[in-house]
Amino acid sequence: MSEKLLTHKQALAAVIRALGGTWDTERAVLALRVAGYEPASDEAAGKEARHNLRELMKDGVIVRPDPDQAVYRPA
């Protein structure tokens with residue numbers, strides 16, 4: 001039986017749903033690293049985290065209450 005691995009986006013969504021609270025780039029990077037993401041650099045980690053946060057916002061999983069801050073919360 002083979003296991004299907006989660007994408008970074010799916011892993012981040014699962015952690016956000018489980019933990020709730022507010023999410024910024026640093027917290028998303030930590031969650032992705034715990035899920036097994038091993039970035040080439042801190043810059044790459046931040047870029048991947050920001051990309052996934054924006055995608056989750058487009059999907060309606062999270063919202064950005066203040067448009068002047070890159071801080072999200074579960075929808």
Review point. In the chain, what percent of the accessible surface is made up of carbon and sulfur (1.4 Å probe, ligands and nucleic acids excluded)?
Key: 52 percent
Check your understanding: Hey, what's the Kirkwood Rh for the chain if you take every pair of different alpha carbons, in angstrom?
Key -> 12.5 Å
Review point. Dipole of the chain, Cα-centred, from +1 at each Lys and Arg C-beta and -1 at each Asp and Glu C-beta, to the nearest 20 debye?
Key: 260 debye
Practice item. Express the accessible area of the chain per residue in Å², computed with a 1.4 Å probe while the remaining protein chains stay in the model. Key: 70 Å²
Check your understanding: Label points 7 Å out from Cα along the Cβ direction at Glu3 and Ala75: separation in nm?
Key -> 2.9 nm
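The values are calculated or read from the model by the stated rules, or taken from the named source; none is laboratory data. As the structure is a prediction and not an experimental result, all values here were calculated from the model. FYI the Cβ positions are ideal-geometry reconstructions off the backbone, even for glycines, and counts take in every protein chain you see. Note: accessible area is taken over every heavy atom of the protein model, side chains too, but ligands, DNA and RNA are not part of it. Shrake-Rupley method; radii C 1.70, N 1.55, O 1.52, S 1.80 Å.
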